[in-house]
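Asks: Can you keep this structure in mind? I'll have questions shortly.
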Amino acid sequence: MILQVALDLTDIEQAISIAEKVARGGAHWLEVGTPLIKKEGMRAVELMKRRFPDRKIVADLKTMDTGALEVEMAARHGADVVSILGVADDKTIKDAVMVARKYGIKVMVDLIGVKDKVKRAKELEKMGVHYILVHTGIDEQAQGKNPLEDLEKVVKVVKVPVAVAGGLNLETIPKVIEAGATIVIVGGAITRAKDPGEVTRKILDLFWGEYMVTIRKAIRDTLEHINMVADSLKLEQVRGMIDAMIGANKIFIYGAGRSGLVGKAFAMRLMHLDFNVYVVGETITPAFEEGDLLIAISGSGETRTIVDAAEIAKKQGGKVVAITSYKDSTLGKLADVVVEIPGRTKMDIPTDYIARQMLTEYKWIAPMGTLFEDSTMLFLDGVVALLMATFQKTEKEMRKKHATLE
């Protein structure tokens with residue numbers, strides 16, 4: 001979650017003074033409020049960015065027309081995020097998004113005044129806006145309205161981060177956190193406080209309660225999945241891998257991204273065990289020859305570079321062990337031995353797996369291919385333990401081959 005402090009003031013010196021206090025308190029984003037921009041112009045945005053280069057500066061322009069022009073003006077003066085009104089014409093919003101991409105900044109669309117917020121939120125997401133703001137204005141607050149109900153509805157129908165604003169304070173913030181807000185915008189409860197920095201810290205303490213829940217859930221999700229992987233390992237697959245390793249002249253290990261890092265860690269342990277092992281892609285890696293073994297790691301089994309390497313290994317007369325979530329993938333079909341490490345649900349297929357990596361749509365709280373990679377890492381550590389027992393290697397003996405030039 002992100003704490004954005006709305007500096008809805010009319011005096012730039014006072015705004016900067018309060019901004020200094022909330023920045024020390026830990027506020028993530030500083031909003032140059034609409035009243036301040038109307039009074040001081042874009043100078044206020046520029047001064048705020050110069051004073052706080054390590055903070056995201058939000059220019060609350062509430063643009064209704066000429067989206068491209070106003071976003072460009074704000075970007076040139078140092079804004080990181082610019083607000084556009086949701087009631088603006090679609091072209092205004094699309095132009096704003098286009099210019100924001102050009103300058104590398106973000107667009108937040110404010111739903112204040114929008115009658116059907118859920119419908120408009122869906123439309124805005126399709127237009128490519130970066131953030132959607134559920135905002136209860138001061139006049140609406142005076143009528144007893146709050147953003148909670150609308151927030152809950154909008155969060156359910158869009159995938160982009162949703163911000164919330166409207167009379168939030170220490171009592172109401174836990175409710176919007178629970179409702180799913182990503183960005184919490186607080187104005188008067190901080191700026192009118194006797195000690196703005198202290199109130200900022202108290203709000204962030206509320207955030208940290210939720211942060212720790214997220215971290216613990218990610219760990220528990222991963223542990224739950226790894227336990228499932230351990231129970232699902234097939235003896236014939238693991239035995240096939242071990243037999244291939246013991247019989248190989250040279251062992252080559254290849255993985256992309258995080259899978260590649262897992263592979264390198266495994267290669268290091270095999271070196272400690274006196275295996276003739278190499279990592280594909282390193283400058284000292286020799287030619288792959290008949291009698292050699294390629295251990296290819298790919299969650300989807302469709303990573304092009306890994307599949308290409310497997311095809312070459314087969315043509316050279318070597319063997320391939322595939323560690324993947326999909327035995328029927330291209331890599332799985334090429335391999336002599338497949339070790340299945342589940343990374344997703346039974347209903348997943350390789351194309352779904354790849355799409356999730358690109359579209360960031362996940363069932364689990366752990367990001368991207370984390371479950372596959374973490375499970376593979378621990379599986380390979382288990383293989384190392386087995387090989388230590390098989391060859392009667394102790395940690396003391398392995399330590400003798402540990403790197404001394406580090």
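The values are calculated or read from the model by the stated rules, or taken from the named source; none is laboratory data. This structure is a prediction, so every number in the text was calculated from the model and none was measured. Backbone-built Cβ (ideal geometry, glycine too); neighbour counts: all protein chains shown.
Asks: Would you say T172 is buried (at least 16 other Cβ atoms within 10 Å of the Cβ) and under 15 Å from L7 (Cβ atoms)? Walk me through it before giving the result.
Replies: Numbers: buried (at least 16 other Cβ atoms within 10 Å of the Cβ): yes; under 15 Å from L7 (Cβ atoms): no.
Against the criterion (buried (at least 16 other Cβ atoms within 10 Å of the Cβ) and under 15 Å from L7 (Cβ atoms)), T172 does not qualify.
Asks: Could you say which residue among K91, K62, K56 is farther than 21 Å from L168 by Cβ and at pLDDT 95 or above?
Replies: Numbers: K62 fails: farther than 21 Å from L168 by Cβ; K56 fails: farther than 21 Å from L168 by Cβ.
Exactly one residue qualifies, and that residue is K91.
Asks: One residue is enough: does the range 17-35 have a residue meeting the conditions part of a helix (DSSP H, G or I), among the basic types (K, R) and surrounded by 19 or more Cβ atoms within 10 Å (Cβ to Cβ)? First the steps, then the outcome.
Replies: Taking the range 17-35 first, the residues part of a helix (DSSP H, G or I) are 17-25, 34-35.
Applying the additional criterion that residues be among the basic types (K, R) yields 21, 24.
Okay, now just the ones that are also surrounded by 19 or more Cβ atoms within 10 Å (Cβ to Cβ), so 21.
Scanning the range 17-35 turns up at least one residue that is part of a helix (DSSP H, G or I), among the basic types (K, R) and surrounded by 19 or more Cβ atoms within 10 Å (Cβ to Cβ).
Asks: In the range 168-202, which residues are more than 23 Å from the chain's Cα centre (by Cα), outside any helix (DSSP H, G or I) and not hydrophobic (A, V, I, L, M, F, W, C)?
Replies: Passing the criteria: N169, E171, T172, G187, R192, K194, D195.
Asks: While we're looking at this one, here's another question. With the requirement that a residue be over 15 Å from I295 (Cβ atoms) and in a helix (DSSP H, G or I), what does the range 387-404 give you?
Replies: Let us first name the residues in the range 387-404 that are over 15 Å from I295 (Cβ atoms), namely 388-404.
Hits for the range 387-404 are M388, A389, T390, E395, K396, E397, M398, R399.
Asks: Then there is this: Condition first: closer than 21 Å to G187 by Cβ and assigned by TED's automatic domain parsing to the domain that holds D60. Can you find one or more residues in the range 115-128 that meet it?
Replies: Checked against the condition, which is being closer than 21 Å to G187 by Cβ and assigned by TED's automatic domain parsing to the domain that holds D60, the range 115-128 yields at least one hit.
Asks: Would you confirm, using the coordinates I've provided, whether P161 is surrounded by fewer than 19 Cβ atoms within 10 Å (Cβ to Cβ), in contact (Cβ under 8 Å) with a residue 24 or more places away in the chain and within 22 Å of R55 (Cα to Cα)? Step through it out loud before you land on a result.
Replies: Details: surrounded by fewer than 19 Cβ atoms within 10 Å (Cβ to Cβ): yes; in contact (Cβ under 8 Å) with a residue 24 or more places away in the chain: yes; within 22 Å of R55 (Cα to Cα): yes.
The answer is yes for P161.
Conditions (1) among the β-branched types (V, I, T); (2) in contact with a strand residue (DSSP E or B) (Cβ under 7 Å, 6 or more places away or on another chain); (3) without any contact (Cβ under 8 Å) to a residue 24 or more places away in the chain, marked per residue:
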| position | (1), (2), (3) |
| --- | --- |
| K39 | no, no, no |
| K56 | no, yes, no |
| M64 | no, yes, no |
| D80 | no, yes, no |
| I84 | yes, yes, no |
| D90 | no, no, no |
| V99 | yes, no, no |
| Y103 | no, no, no |
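Asks: Right, next: Could you list, in sequence order, all residues of the range 241-256 that are more than 18 Å from T283 (Cα to Cα) and among the small types (G, A, S)?
Replies: Residues of the range 241-256 that are more than 18 Å from T283 (Cα to Cα), as a first pass: 241-249.
Once the filter is applied, which keeps residues that are more than 18 Å from T283 (Cα to Cα) and among the small types (G, A, S), the range 241-256 yields A244, G247, A248.
Asks: If you go through the range 74-96, how many residues are buried (at least 19 other Cβ atoms within 10 Å of the Cβ) and over 19 Å from K119 (Cβ atoms)?
Replies: So the answer is 11.
Asks: Can we say F275 is in contact (Cβ under 8 Å) with a residue 24 or more places away in the chain and surrounded by 20 or more Cβ atoms within 10 Å (Cβ to Cβ)? Show your work before the answer.
Replies: Numbers: in contact (Cβ under 8 Å) with a residue 24 or more places away in the chain: yes; surrounded by 20 or more Cβ atoms within 10 Å (Cβ to Cβ): no.
Taking the combined requirement at face value, the residue does not satisfy it.
Asks: Another one. Tell me, please, whether a residue that is of a type outside the set (K, R) and at positive phi can be found in the range 43-62.
Replies: Within the range 43-62, the subset of a type outside the set (K, R) is 44-48, 52-54, 57-61.
Of the ones still in play, those that are also at positive phi are none.
No, every residue in the range 43-62 fails to be of a type outside the set (K, R) and at positive phi.
Asks: Consider only pairs whose beta carbons are under 9 Å apart and that are at least six residues apart or on different chains; among these, list those whose first residue lies in the range 313-331 and is over 23 Å from E290 (Cβ atoms) and in the same structural domain as T303 (by TED's automatic domain parsing) and whose second residue is of a type in the set (D, E) and not in a loop (DSSP other than H, G, I, E, B).
Replies: Short answer, once both residue conditions are applied: T324/E340; S325/E340; Y326/E340; K327/E340.
Asks: Something else: Return only the number of the condition from (1) acidic (D, E); (2) surrounded by 12 or more Cβ atoms within 10 Å (Cβ to Cβ); (3) assigned to a helix (DSSP H, G or I); (4) at pLDDT below 95 that D205 does not satisfy.
Replies: Just one mismatch for D205, condition (2).
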